[in-house]
Amino acid sequence: MPTTLIRRAEVLVTMDGQRREIHDGGLFIRDNVIEQVGLTNELPAQADRVIDLSGHVVLPGLINTHHHMYQTLTRAVPAAQDANLFNWLKTLYLMWANLTGEAVYISALVAMGELILSGCTTSSDHLYLYPNEAKIDDEIRAAQEIGLRFHAARGSMSLGESKGGLPPDRVVENEAAILEDCQRVIETYHDPKPYSMLQIVLAPCSPFSVTGDLMRESVAMARHYGVTLHTHLAETLDEEAFCLEKFGRRPVEYMEDLGWIGDHVWHAHCVHMSEREIALFGQTRTGVAHCPSSNMRLGSGIAPVKGFRARGVPLGLGVDGSASNDSSHMLAEVRQAMLLQRVTGDPAGLTARQALEIATLGGASVLRRDDIGSLESGKAADVIAIKLSRVEYAGALHDPVAATVFCAPVHVDWSMINGQVVVQDGRLTTVDMGPVVERHNAIARGMIRER
Ligand code: ZN
(Lines give C-alpha, C1' and ligand atoms only; values in the text may rest on other atoms or scores of the structure.)
Protein backbone atom coordinates (compact mmCIF):
# COMPACT_ATOMS: atom_id res chain seq x y z
CA MET A 1 0.00 0.00 0.00
CA PRO A 2 1.47 3.40 -0.98
CA THR A 3 2.53 5.77 1.80
CA THR A 4 2.48 9.57 1.89
CA LEU A 5 4.51 11.82 4.14
CA ILE A 6 3.30 15.38 4.69
CA ARG A 7 5.98 17.43 6.41
CA ARG A 8 7.01 20.83 7.68
CA ALA A 9 3.56 22.46 7.96
CA GLU A 10 3.93 25.90 9.56
CA VAL A 11 1.07 24.85 11.82
CA LEU A 12 -1.02 21.70 11.65
CA VAL A 13 -4.48 21.92 13.25
CA THR A 14 -5.43 18.44 14.49
CA MET A 15 -8.90 18.99 16.06
CA ASP A 16 -7.98 16.03 18.28
CA GLY A 17 -9.17 15.66 21.88
CA GLN A 18 -6.62 18.21 23.12
CA ARG A 19 -7.15 20.48 20.06
CA ARG A 20 -3.40 20.32 19.43
CA GLU A 21 -1.92 22.76 16.93
CA ILE A 22 1.49 21.43 15.93
CA HIS A 23 4.18 23.81 14.65
CA ASP A 24 6.45 22.16 12.08
CA GLY A 25 3.90 19.35 11.98
CA GLY A 26 3.16 16.56 9.59
CA LEU A 27 1.26 13.39 8.82
CA PHE A 28 2.21 9.89 7.76
CA ILE A 29 -0.53 8.37 5.61
CA ARG A 30 -0.88 4.81 4.42
CA ASP A 31 -3.14 4.51 1.38
CA ASN A 32 -6.20 6.60 2.40
CA VAL A 33 -5.79 6.56 6.20
CA ILE A 34 -3.72 8.71 8.57
CA GLU A 35 -1.30 6.52 10.51
CA GLN A 36 0.78 9.09 12.46
CA VAL A 37 0.47 12.77 13.38
CA GLY A 38 3.25 14.79 14.97
CA LEU A 39 6.33 16.94 14.64
CA THR A 40 8.05 16.50 11.28
CA ASN A 41 11.17 15.10 12.92
CA GLU A 42 9.16 12.48 14.83
CA LEU A 43 7.61 11.02 11.67
CA PRO A 44 9.20 8.44 9.35
CA ALA A 45 11.75 10.17 7.14
CA GLN A 46 10.67 8.47 3.93
CA ALA A 47 7.54 7.51 2.06
CA ASP A 48 6.47 6.67 -1.49
CA ARG A 49 5.29 10.27 -1.84
CA VAL A 50 6.68 13.20 0.16
CA ILE A 51 4.79 16.50 0.26
CA ASP A 52 6.49 19.55 1.78
CA LEU A 53 3.92 21.99 3.19
CA SER A 54 6.29 24.52 4.71
CA GLY A 55 4.72 27.97 4.75
CA HIS A 56 1.21 26.48 4.89
CA VAL A 57 -1.46 26.14 7.55
CA VAL A 58 -2.83 22.59 7.41
CA LEU A 59 -6.34 21.72 8.58
CA PRO A 60 -8.76 18.80 8.53
CA GLY A 61 -10.97 19.03 5.42
CA LEU A 62 -14.16 21.03 6.02
CA ILE A 63 -17.54 19.30 6.02
CA ASN A 64 -20.63 20.80 4.41
CA THR A 65 -23.89 19.46 5.85
CA HIS A 66 -26.52 21.24 3.75
CA HIS A 67 -26.68 22.24 0.11
CA HIS A 68 -28.83 22.22 -3.04
CA MET A 69 -26.21 22.05 -5.75
CA TYR A 70 -28.66 22.40 -8.65
CA GLN A 71 -29.40 25.93 -7.41
CA THR A 72 -26.02 27.11 -8.71
CA LEU A 73 -27.99 27.42 -11.98
CA THR A 74 -30.21 30.12 -10.48
CA ARG A 75 -27.85 32.30 -8.48
CA ALA A 76 -28.71 35.97 -8.16
CA VAL A 77 -31.93 35.67 -10.22
CA PRO A 78 -33.25 39.26 -10.30
CA ALA A 79 -36.85 38.38 -9.33
CA ALA A 80 -35.65 36.43 -6.26
CA GLN A 81 -32.88 38.68 -5.01
CA ASP A 82 -34.89 40.41 -2.32
CA ALA A 83 -37.69 37.95 -1.48
CA ASN A 84 -38.41 36.07 1.73
CA LEU A 85 -38.29 32.24 1.71
CA PHE A 86 -41.83 31.48 0.53
CA ASN A 87 -41.82 34.13 -2.24
CA TRP A 88 -38.25 33.19 -3.22
CA LEU A 89 -39.37 29.56 -3.55
CA LYS A 90 -42.51 30.40 -5.55
CA THR A 91 -40.42 32.41 -8.05
CA LEU A 92 -37.74 29.77 -8.43
CA TYR A 93 -39.87 26.60 -8.50
CA LEU A 94 -40.97 27.59 -12.04
CA MET A 95 -37.37 27.80 -13.25
CA TRP A 96 -36.32 24.64 -11.45
CA ALA A 97 -39.10 22.79 -13.33
CA ASN A 98 -36.71 22.96 -16.34
CA LEU A 99 -34.01 20.95 -14.58
CA THR A 100 -32.67 17.96 -16.54
CA GLY A 101 -30.29 15.11 -15.77
CA GLU A 102 -27.47 16.95 -17.55
CA ALA A 103 -28.26 20.12 -15.55
CA VAL A 104 -28.05 18.16 -12.27
CA TYR A 105 -24.68 16.69 -13.30
CA ILE A 106 -23.11 19.95 -14.51
CA SER A 107 -24.39 22.05 -11.59
CA ALA A 108 -23.11 19.42 -9.14
CA LEU A 109 -19.65 19.63 -10.73
CA VAL A 110 -19.72 23.42 -10.38
CA ALA A 111 -20.86 23.33 -6.73
CA MET A 112 -18.43 20.54 -5.82
CA GLY A 113 -15.58 22.34 -7.58
CA GLU A 114 -16.26 25.51 -5.61
CA LEU A 115 -16.62 23.53 -2.38
CA ILE A 116 -13.34 21.67 -2.82
CA LEU A 117 -11.44 24.83 -3.79
CA SER A 118 -12.78 26.53 -0.65
CA GLY A 119 -11.63 23.74 1.69
CA CYS A 120 -14.47 21.22 1.69
CA THR A 121 -13.65 17.52 1.50
CA THR A 122 -17.03 16.00 2.45
CA SER A 123 -20.43 17.33 1.46
CA SER A 124 -24.04 16.36 1.61
CA ASP A 125 -26.44 17.52 -1.07
CA HIS A 126 -30.20 17.72 -0.74
CA LEU A 127 -31.74 17.20 -4.20
CA TYR A 128 -35.53 17.28 -3.91
CA LEU A 129 -36.93 17.79 -7.41
CA TYR A 130 -36.63 15.41 -10.32
CA PRO A 131 -38.40 16.86 -13.38
CA ASN A 132 -37.58 15.73 -16.94
CA GLU A 133 -36.20 12.35 -15.80
CA ALA A 134 -33.42 13.89 -13.70
CA LYS A 135 -32.02 11.41 -11.17
CA ILE A 136 -29.85 11.56 -8.09
CA ASP A 137 -27.46 9.26 -10.00
CA ASP A 138 -26.52 12.32 -12.08
CA GLU A 139 -24.93 14.10 -9.12
CA ILE A 140 -23.43 10.91 -7.68
CA ARG A 141 -21.54 10.55 -10.97
CA ALA A 142 -20.22 14.11 -10.53
CA ALA A 143 -18.97 13.36 -6.98
CA GLN A 144 -17.19 10.23 -8.18
CA GLU A 145 -15.50 12.07 -11.04
CA ILE A 146 -14.35 15.05 -8.97
CA GLY A 147 -13.33 12.90 -5.96
CA LEU A 148 -15.55 14.44 -3.24
CA ARG A 149 -16.67 12.39 -0.21
CA PHE A 150 -20.43 12.55 -0.65
CA HIS A 151 -23.65 12.09 1.33
CA ALA A 152 -26.38 12.17 -1.32
CA ALA A 153 -29.72 13.11 0.24
CA ARG A 154 -32.54 11.73 -1.89
CA GLY A 155 -35.02 14.56 -1.35
CA SER A 156 -38.63 14.75 -2.44
CA MET A 157 -41.74 16.91 -2.69
CA SER A 158 -45.23 15.43 -2.86
CA LEU A 159 -47.56 18.14 -1.55
CA GLY A 160 -48.43 20.33 -4.55
CA GLU A 161 -50.51 23.49 -4.52
CA SER A 162 -53.73 21.61 -5.28
CA LYS A 163 -53.27 19.68 -2.00
CA GLY A 164 -52.43 22.71 0.13
CA GLY A 165 -48.64 22.64 -0.28
CA LEU A 166 -46.36 25.42 -1.50
CA PRO A 167 -44.79 24.02 -4.73
CA PRO A 168 -46.65 23.93 -8.07
CA ASP A 169 -48.03 20.48 -8.93
CA ARG A 170 -45.63 20.07 -11.90
CA VAL A 171 -42.55 19.76 -9.65
CA VAL A 172 -43.93 17.24 -7.14
CA GLU A 173 -43.72 13.45 -7.36
CA ASN A 174 -46.05 10.60 -6.50
CA GLU A 175 -45.25 9.16 -3.06
CA ALA A 176 -45.09 5.52 -4.13
CA ALA A 177 -42.59 6.43 -6.86
CA ILE A 178 -40.51 8.44 -4.35
CA LEU A 179 -40.25 5.53 -1.93
CA GLU A 180 -39.46 3.08 -4.72
CA ASP A 181 -36.62 5.30 -5.96
CA CYS A 182 -35.29 5.81 -2.40
CA GLN A 183 -35.05 2.05 -2.01
CA ARG A 184 -33.33 1.69 -5.39
CA VAL A 185 -30.77 4.39 -4.56
CA ILE A 186 -29.92 2.91 -1.14
CA GLU A 187 -29.57 -0.60 -2.54
CA THR A 188 -27.46 0.63 -5.47
CA TYR A 189 -25.10 3.07 -3.76
CA HIS A 190 -25.13 3.22 0.06
CA ASP A 191 -21.76 2.27 1.55
CA PRO A 192 -21.79 2.23 5.38
CA LYS A 193 -18.20 1.01 5.79
CA PRO A 194 -15.44 3.13 7.40
CA TYR A 195 -13.89 5.66 4.97
CA SER A 196 -16.98 5.40 2.79
CA MET A 197 -16.96 7.86 -0.10
CA LEU A 198 -20.71 7.61 -0.71
CA GLN A 199 -23.68 7.35 1.62
CA ILE A 200 -27.38 7.81 0.95
CA VAL A 201 -29.70 9.93 3.10
CA LEU A 202 -33.53 10.08 2.95
CA ALA A 203 -34.69 13.68 2.80
CA PRO A 204 -38.32 14.73 2.20
CA CYS A 205 -38.03 18.47 1.58
CA SER A 206 -39.95 20.27 4.36
CA PRO A 207 -43.18 20.23 6.39
CA PHE A 208 -44.83 22.44 3.75
CA SER A 209 -43.96 20.35 0.67
CA VAL A 210 -44.52 16.71 1.71
CA THR A 211 -47.22 14.84 3.64
CA GLY A 212 -46.88 13.44 7.16
CA ASP A 213 -47.29 9.97 5.63
CA LEU A 214 -44.17 10.36 3.50
CA MET A 215 -42.23 11.59 6.54
CA ARG A 216 -43.30 8.49 8.52
CA GLU A 217 -42.58 6.08 5.65
CA SER A 218 -39.12 7.63 5.26
CA VAL A 219 -38.36 7.02 8.96
CA ALA A 220 -39.34 3.37 8.58
CA MET A 221 -37.20 2.92 5.48
CA ALA A 222 -34.21 4.70 7.05
CA ARG A 223 -34.42 2.41 10.11
CA HIS A 224 -34.64 -0.67 7.93
CA TYR A 225 -31.52 0.21 5.93
CA GLY A 226 -29.59 2.03 8.65
CA VAL A 227 -29.36 5.31 6.73
CA THR A 228 -29.75 8.85 8.08
CA LEU A 229 -32.61 11.34 7.65
CA HIS A 230 -32.46 15.01 6.73
CA THR A 231 -34.90 17.87 6.10
CA HIS A 232 -35.46 21.61 6.54
CA LEU A 233 -36.90 22.74 9.86
CA ALA A 234 -37.82 25.89 11.77
CA GLU A 235 -36.22 28.06 9.11
CA THR A 236 -38.67 30.99 9.11
CA LEU A 237 -41.61 32.43 11.02
CA ASP A 238 -43.78 31.80 7.92
CA GLU A 239 -43.08 28.09 8.34
CA GLU A 240 -44.00 28.28 12.03
CA ALA A 241 -47.30 30.00 11.14
CA PHE A 242 -47.95 27.36 8.42
CA CYS A 243 -47.42 24.47 10.88
CA LEU A 244 -49.51 26.08 13.63
CA GLU A 245 -52.36 26.69 11.18
CA LYS A 246 -52.27 23.32 9.36
CA PHE A 247 -51.24 20.96 12.15
CA GLY A 248 -51.83 22.96 15.35
CA ARG A 249 -48.17 22.25 16.20
CA ARG A 250 -44.91 24.14 16.13
CA PRO A 251 -42.51 22.77 13.45
CA VAL A 252 -40.38 20.81 15.96
CA GLU A 253 -43.49 19.42 17.71
CA TYR A 254 -44.83 18.30 14.34
CA MET A 255 -41.54 16.52 13.53
CA GLU A 256 -41.54 14.90 16.98
CA ASP A 257 -44.98 13.45 16.21
CA LEU A 258 -43.61 12.02 12.95
CA GLY A 259 -40.55 10.36 14.53
CA TRP A 260 -38.05 12.85 13.09
CA ILE A 261 -36.02 13.27 16.28
CA GLY A 262 -32.97 11.18 17.19
CA ASP A 263 -29.32 10.48 16.54
CA HIS A 264 -29.90 9.41 12.92
CA VAL A 265 -31.64 12.70 12.01
CA TRP A 266 -30.32 16.16 11.16
CA HIS A 267 -32.26 19.29 10.28
CA ALA A 268 -31.17 22.32 8.28
CA HIS A 269 -31.52 25.84 9.73
CA CYS A 270 -33.33 25.45 13.11
CA VAL A 271 -33.49 29.23 13.51
CA HIS A 272 -36.74 29.51 15.45
CA MET A 273 -36.30 27.09 18.35
CA SER A 274 -37.64 27.29 21.91
CA GLU A 275 -35.46 26.43 24.92
CA ARG A 276 -37.37 23.16 25.28
CA GLU A 277 -36.73 22.28 21.64
CA ILE A 278 -32.99 23.01 21.90
CA ALA A 279 -32.79 20.82 25.03
CA LEU A 280 -34.73 18.05 23.25
CA PHE A 281 -32.23 18.10 20.36
CA GLY A 282 -29.35 17.87 22.85
CA GLN A 283 -30.89 14.98 24.80
CA THR A 284 -31.75 13.00 21.67
CA ARG A 285 -28.57 13.93 19.72
CA THR A 286 -30.69 15.32 16.87
CA GLY A 287 -28.34 17.20 14.55
CA VAL A 288 -28.45 20.71 13.08
CA ALA A 289 -26.94 22.14 9.90
CA HIS A 290 -26.38 25.83 10.60
CA CYS A 291 -26.58 27.96 7.42
CA PRO A 292 -25.66 31.53 8.39
CA SER A 293 -25.35 33.09 4.91
CA SER A 294 -28.68 31.73 3.75
CA ASN A 295 -30.40 32.87 6.96
CA MET A 296 -28.97 36.36 6.45
CA ARG A 297 -29.75 36.46 2.71
CA LEU A 298 -33.43 35.54 3.20
CA GLY A 299 -33.85 37.53 6.41
CA SER A 300 -34.80 34.31 8.25
CA GLY A 301 -33.12 35.13 11.57
CA ILE A 302 -30.16 34.10 13.72
CA ALA A 303 -29.94 30.46 14.81
CA PRO A 304 -29.24 29.88 18.54
CA VAL A 305 -25.74 28.47 18.01
CA LYS A 306 -24.61 29.18 21.56
CA GLY A 307 -27.65 27.34 22.90
CA PHE A 308 -26.96 24.36 20.62
CA ARG A 309 -23.36 24.20 21.82
CA ALA A 310 -24.33 24.56 25.49
CA ARG A 311 -26.86 21.71 25.19
CA GLY A 312 -24.56 19.36 23.27
CA VAL A 313 -26.55 19.41 20.03
CA PRO A 314 -24.51 17.92 17.13
CA LEU A 315 -23.90 21.06 15.07
CA GLY A 316 -22.43 21.36 11.58
CA LEU A 317 -22.22 24.06 8.97
CA GLY A 318 -24.03 24.29 5.63
CA VAL A 319 -23.49 26.67 2.73
CA ASP A 320 -27.11 25.98 1.64
CA GLY A 321 -28.16 27.37 -1.68
CA SER A 322 -26.73 28.11 -3.98
CA ALA A 323 -29.61 30.46 -4.76
CA SER A 324 -29.89 31.62 -1.17
CA ASN A 325 -26.23 32.28 -0.47
CA ASP A 326 -25.25 32.43 -3.54
CA SER A 327 -21.97 30.74 -2.95
CA SER A 328 -20.58 27.32 -2.19
CA HIS A 329 -17.56 28.81 -0.41
CA MET A 330 -17.01 26.74 2.71
CA LEU A 331 -14.35 28.89 4.33
CA ALA A 332 -16.54 31.96 3.78
CA GLU A 333 -19.33 30.15 5.62
CA VAL A 334 -17.05 29.51 8.60
CA ARG A 335 -16.40 33.24 8.74
CA GLN A 336 -20.10 34.09 8.45
CA ALA A 337 -20.89 31.71 11.31
CA MET A 338 -18.36 33.47 13.52
CA LEU A 339 -19.56 36.96 12.62
CA LEU A 340 -23.30 36.29 12.83
CA GLN A 341 -23.11 35.18 16.47
CA ARG A 342 -21.55 38.55 17.31
CA VAL A 343 -24.14 40.77 15.62
CA THR A 344 -26.46 41.11 18.58
CA GLY A 345 -23.78 42.50 20.89
CA ASP A 346 -21.46 39.69 22.00
CA PRO A 347 -18.01 40.06 20.38
CA ALA A 348 -17.00 36.70 21.88
CA GLY A 349 -20.21 34.99 20.68
CA LEU A 350 -18.24 32.48 18.60
CA THR A 351 -14.46 32.34 18.25
CA ALA A 352 -12.54 31.52 15.06
CA ARG A 353 -11.48 28.15 16.48
CA GLN A 354 -15.01 27.31 17.61
CA ALA A 355 -16.27 28.11 14.09
CA LEU A 356 -13.59 25.81 12.59
CA GLU A 357 -14.59 23.11 15.06
CA ILE A 358 -18.22 23.32 13.92
CA ALA A 359 -17.07 23.01 10.28
CA THR A 360 -14.93 19.91 10.95
CA LEU A 361 -15.72 17.81 14.04
CA GLY A 362 -19.23 19.25 14.18
CA GLY A 363 -19.99 18.32 10.59
CA ALA A 364 -18.69 14.80 11.14
CA SER A 365 -20.98 14.35 14.17
CA VAL A 366 -23.98 15.60 12.18
CA LEU A 367 -23.28 13.14 9.35
CA ARG A 368 -22.71 10.40 11.99
CA ARG A 369 -19.12 9.80 10.91
CA ASP A 370 -16.31 9.00 13.32
CA ASP A 371 -13.72 8.56 10.56
CA ILE A 372 -13.47 12.20 9.38
CA GLY A 373 -13.33 15.70 10.93
CA SER A 374 -9.88 15.62 12.55
CA LEU A 375 -6.27 14.79 11.74
CA GLU A 376 -5.63 11.79 13.99
CA SER A 377 -4.34 8.27 13.64
CA GLY A 378 -7.04 6.09 12.11
CA LYS A 379 -8.94 8.93 10.44
CA ALA A 380 -9.42 9.30 6.69
CA ALA A 381 -6.74 11.32 4.88
CA ASP A 382 -8.91 14.39 4.19
CA VAL A 383 -6.49 17.30 4.53
CA ILE A 384 -6.34 20.89 3.26
CA ALA A 385 -3.47 23.37 3.13
CA ILE A 386 -3.43 27.15 2.64
CA LYS A 387 -0.31 29.11 1.77
CA LEU A 388 0.41 31.86 4.31
CA SER A 389 2.44 34.20 2.11
CA ARG A 390 -0.65 35.70 0.47
CA VAL A 391 -1.86 39.26 0.44
CA GLU A 392 -5.05 38.38 2.38
CA TYR A 393 -3.05 37.15 5.39
CA ALA A 394 -0.37 39.83 5.40
CA GLY A 395 -0.09 41.12 8.96
CA ALA A 396 -2.01 38.21 10.48
CA LEU A 397 0.76 35.62 10.78
CA HIS A 398 1.01 35.88 14.57
CA ASP A 399 -2.04 33.56 14.47
CA PRO A 400 -2.26 31.75 11.12
CA VAL A 401 -5.15 29.55 12.31
CA ALA A 402 -7.34 32.52 13.22
CA ALA A 403 -6.28 34.22 9.96
CA THR A 404 -8.12 31.53 7.96
CA VAL A 405 -11.38 32.70 9.54
CA PHE A 406 -10.86 36.40 10.33
CA CYS A 407 -9.24 37.38 7.03
CA ALA A 408 -10.97 37.38 3.64
CA PRO A 409 -12.02 33.86 2.59
CA VAL A 410 -9.53 32.32 0.15
CA HIS A 411 -9.16 29.19 -1.92
CA VAL A 412 -6.97 26.38 -0.64
CA ASP A 413 -3.66 25.73 -2.36
CA TRP A 414 -3.67 22.00 -1.80
CA SER A 415 -6.26 19.42 -0.82
CA MET A 416 -6.35 15.68 -0.35
CA ILE A 417 -9.53 13.61 -0.12
CA ASN A 418 -9.31 9.96 0.90
CA GLY A 419 -5.60 9.96 0.06
CA GLN A 420 -6.08 11.46 -3.42
CA VAL A 421 -4.65 14.92 -4.17
CA VAL A 422 -7.60 16.86 -5.63
CA VAL A 423 -6.11 20.39 -5.50
CA GLN A 424 -2.51 21.13 -6.44
CA ASP A 425 -1.14 24.69 -6.66
CA GLY A 426 -4.66 26.03 -6.21
CA ARG A 427 -6.14 24.08 -9.15
CA LEU A 428 -8.45 21.09 -9.24
CA THR A 429 -6.60 18.05 -10.52
CA THR A 430 -9.60 15.85 -11.28
CA VAL A 431 -11.89 17.96 -13.49
CA ASP A 432 -11.15 20.79 -15.93
CA MET A 433 -13.62 23.43 -14.74
CA GLY A 434 -13.36 25.72 -17.81
CA PRO A 435 -15.69 23.79 -20.13
CA VAL A 436 -17.92 22.85 -17.15
CA VAL A 437 -18.52 26.51 -16.26
CA GLU A 438 -19.20 27.35 -19.90
CA ARG A 439 -21.83 24.60 -20.23
CA HIS A 440 -23.28 25.54 -16.82
CA ASN A 441 -23.84 29.12 -17.93
CA ALA A 442 -25.53 27.98 -21.14
CA ILE A 443 -27.90 25.69 -19.20
CA ALA A 444 -28.63 28.46 -16.67
CA ARG A 445 -29.55 30.90 -19.45
CA GLY A 446 -31.93 28.34 -20.96
CA MET A 447 -33.59 27.46 -17.65
CA ILE A 448 -34.45 31.03 -16.85
CA ARG A 449 -35.62 31.89 -20.37
CA GLU A 450 -37.94 28.87 -20.67
CA ARG A 451 -39.92 29.46 -17.50
ZN1 ZN B 1 -31.93 24.24 2.07
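The values are calculated or read from the model by the stated rules, or taken from the named source; none is laboratory data. This structure is a prediction, so every number in the text was calculated from the model and none was measured. Cβ placement follows ideal geometry from the backbone for every residue including glycine, while neighbour counts extend to all protein chains displayed. The protein model used for the area step is the full one, side chains on, heavy atoms only, and it has no ligands, DNA or RNA in it. Shrake-Rupley method; radii C 1.70, N 1.55, O 1.52, S 1.80 Å.
Label points 7 Å out from Cα along the Cβ direction at Ala241 and Asp191: separation in nm?
That separation, rounded to one decimal, is 4.7 nm.
Can you pull the percent of segment 24-173's accessible area that's carbon plus sulfur, 1.4 Å probe, other chains left in place?
45
Listed highest first by mean packing, meaning other Cβ atoms within 10 Å per residue, what order do 372-378, 68-74, 9-15 come in?
For the peptides 372-378, 68-74, 9-15, the packing ranking is 68-74, 9-15, 372-378.
Which angle between 0 and 90 degrees, to the nearest 10, do you get for helix 137-146 versus the longest principal axis of the chain when only C-alpha atoms count?
Once rounded, one gets 10 degrees.
Amide H of Ile51 versus every other amide H placed in the peptide plane: which residues, excluding those fewer than 5 positions away on the same chain, fall under 5 Å?
The answer is Leu5, Ile6, Arg7.
Between segment 290-335 and segment 90-129, what's the alpha-carbon centroid distance in Å?
Segment 290-335 and segment 90-129 have Cα centres spaced 18 Å from each other.
Return one number: the angle in degrees, 0 to 90 and rounded to the nearest 10, between the long axis of the Cα atoms of helix 433-449 and the longest principal axis of the Cα atoms of the chain.
The two axes meet at around 20 degrees.
Using 1/(1 + (r/R0)^6) with R0 = 35 angstrom and r between the beta carbons of Thr3 and Arg427, what's the FRET efficiency to the nearest 0.05?
FRET efficiency, Thr3 to Arg427: 0.90.
If I stretch the segment between Glu145 and Glu35 completely, what's the gain in nm (0.36 nm per residue apart, minus their alpha carbon distance), one decimal?
Between Glu145 and Glu35, full extension yields an extra 37.0 nm.
Calculate how steeply helix 85-96 sits against the longest principal axis of the alpha-carbon atoms of the chain, using the helix alpha-carbon long axis, and give the answer as 0 to 90 degrees to the nearest 10.
Helix 85-96 sits roughly 90 degrees off the main axis of the chain.
Could you calculate the contour length gain from Glu376 to Arg449, that is, 0.36 nm times the residue separation minus the distance between their Cα atoms, to one decimal place in nm?
Extra length from Glu376 to Arg449 when fully extended: 21.3 nm.
Taking amide H positions as placed 1.01 Å from N in the peptide plane, with prolines and chain starts having none, which residues 5 or more places from Val423, or on another chain, fall under 5 Å of its amide H?
Ser415, Thr429
Taking θ = phi - 60°, what integer Hz values does the Karplus form 6.51 cos²θ - 1.76 cosθ + 1.60 yield along segment 245-260, in sequence order, with x for Gly and Pro?
So the J values, rounded to whole Hz, are 6, 7, 10, x, 9, 5, x, 5, 4, 4, 5, 4, 4, 8, x, 8.
Contact order normalised by length for the chain, with contacts defined as Cα pairs under 8 Å and 6 or more residues apart; what percent is it?
21 percent.
At 7 Å along the Cα-to-beta-carbon direction for both Ala442 and Glu102, put a label point, then send me their distance in nm to one decimal.
With each label point 7 Å from Cα toward Cβ, the separation is 0.7 nm.
What are the ³J(HN,Hα) couplings of segment 103-116, residue after residue, when phi is run through the Karplus curve with 6.51, -1.76, 1.60 and θ = phi - 60°? Round to Hz, x for glycine and proline.
5, 4, 5, 5, 5, 5, 4, 5, 5, 5, x, 5, 4, 4
Applying the Karplus parametrisation 6.51 cos²θ - 1.76 cosθ + 1.60 with θ = phi - 60° to the phi angles of segment 382-388, what ³J(HN,Hα) value in whole Hz is obtained for each residue in order, glycine and proline being reported as x?
These are the phi-based 3J(HN,Hα) values: 10, 9, 10, 9, 10, 6, 8 Hz.
Give a quick list of trypsin sites (Lys or Arg not before Pro) in segment 16-109 that DSSP marks as loop, anything other than H, G, I, E or B, with at most 13 other Cβ atoms within 10 Å.
Those satisfying the criteria are Arg19.
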